[in-house]
1. Cβ under 10 Å from Ile374's Cβ, Ile374 left aside: what net charge do those residues give with Lys, Arg +1 and Asp, Glu -1?
2. The range 267-300 to the range 126-151: how many Å between their Cα centroids?
3. Quick one: dipole size for the range 155-317, taken about the Cα centre, charges +1 on Lys/Arg Cβ and -1 on Asp/Glu Cβ, in debye to the nearest 20.
4. Quick one: net charge around Ile206, please, counting Lys, Arg +1 and Asp, Glu -1 for every other residue with C-beta under 10 Å from its C-beta.
5. Per residue and in cubic angstrom, what volume does the convex hull of the Cα atoms of the range 311-356 have?
6. Restrict the search to the range 186-278; then list the GluC sites (Glu not before Pro) that DSSP places in a loop and that have at most 12 other Cβ atoms within 10 Å of their Cβ.
7. For a quick check of your reading of the filter: which chymotrypsin sites (Phe, Trp or Tyr not before Pro) in the range 320-357 sit in a DSSP loop and have no more than 13 other Cβ atoms within 10 Å?
8. Let a ≥ b ≥ c be the square roots of the eigenvalues of the Cα gyration tensor of the range 155-317; is it rounded (a/c under 1.5), or, if not, prolate (a/b larger than b/c) or oblate?
Amino acid sequence: MSGALAGDPAARCMGRNVMARRNRIKRTFAIAPARRVTHPQSDGRARVRREPVPAAARAFVVASLVCLASVGGWAQQSDPQQKQQNNQPQKQQNNQQQMRGLDEQIQEVKSDVLRITAELSQLEEKLLYPSGTQVAVFVALAKDDTMRLDAVRLKIDGQHLNGAAPCYNPAHKHARPEESVEKLKDFWQAIYQEAIAVNPDAVIEICPCGTSQAFHNMPYMNQAVASDPESSWQVRHKGKTIKALMGPSAAYAGDHVELSDNADDFASTVGIGAIVSTKFTRGHDAKRGFLLTPDKETDWRKWIALYNDKRLAQGRYRGELYDIGFDKPEAHAIAKDGRCYYAFYADRWDGPIELRGLGEGRYGVIDIWSGRAIGQVSAKANRLAVAFEHFLLLEATPIEGT
Ligand SMILES: [Zn+2]
């Protein structure tokens, strides 16, 4: 119901507008039934077929009666059978009375529909355009929980963040209903400034769940997010896009790892310099698959330790070195503290890779997930032969004196 009303702002404002609409509908109905009563279409058609009509007129009638109801009326007037014509006024009167009765019933139903619509609109207005703008957030930790409260973060979340409905709340004193859309950026700015004033280290993440970030909210968040990726590939290419739009050191969260391939692909987040997150549960698995099992916990701890050790999210993403569409295997590079980090992704790869963007001298290369030494490279000899499944995360460290 509310969706159907969205394109008709007038219908949302109560009282006068609804009445005007009702009147319009009434006027329309005053004309339509009368035409149908005077010229019943089926009678007219039957008669036209029986009677002799001059050849030229017949051609005209045959051509026209397919689509024009008024042709039936014309044929009826030229009917020579007087008996039927004598009955016509009485018949018309009866039909008109019947139609009037029907018309009144329709008007009643319409009035009911308009009344319910008005009530729904008022309800919608209260929900969508509240006069109060304050929100209180309460946080509680379960008793005996082993977790320690480290920080409280407010995440603004929902796909409707990228737009706003026209606002009809008189309490807001808008110049026009569309002002709510035009000033959406001011809304983000106000949230950002207030949060930073309360806590200069506040993380302001805006997640337009399942949709892309918008130009009007990007300046007022300090952490973007993959916003409900459906695969690890989406985590990676959204990351590359965000870094291109917001800067090579923009903070980007890969969203919770449970949304990645196999629900455990931290490599796609860590490798591209994104921020890791998970929504695991302990004890009771409210949503299937989110339970942190002992095996999973070992893996989770290892990834988060690696993330904390390298802090690639604080590095400079070098998006210009590899093309995400054409270079195989897919590659990402990050520069941090004089070292170069590379992340390669493929279902399976056995062949050469190229470490681009190296500086002067030689570099020692290790696989940071396994700790294995891979070899040495330089800007001039930057190719290595490798084999891996899913991912390969490399760290290239300058060798002193080379
Ligand atoms: Zn408003």
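Just so you know, all these numbers are worked out from the coordinates, no wet-lab data involved. Predicted model, so just to flag it, every value in this text is computed and none were measured. Every residue, glycine among them, receives a Cβ derived from its backbone with ideal geometry; neighbour counts consider all protein chains shown.
1. Working: positive: Arg372; negative: Asp367, Glu395.
Net of charged neighbours comes to -1.
2. That distance is 23 Å.
3. 280 debye
4. -1
5. 87 Å³
6. Glu230
7. Counting only loop positions with at most 13 other Cβ atoms within 10 Å, the chymotrypsin sites (Phe, Trp or Tyr not before Pro) in the range 320-357 are Phe326.
8. Judged from the Cα gyration tensor, the range 155-317 comes out prolate (a/c at least 1.5, a/b above b/c).
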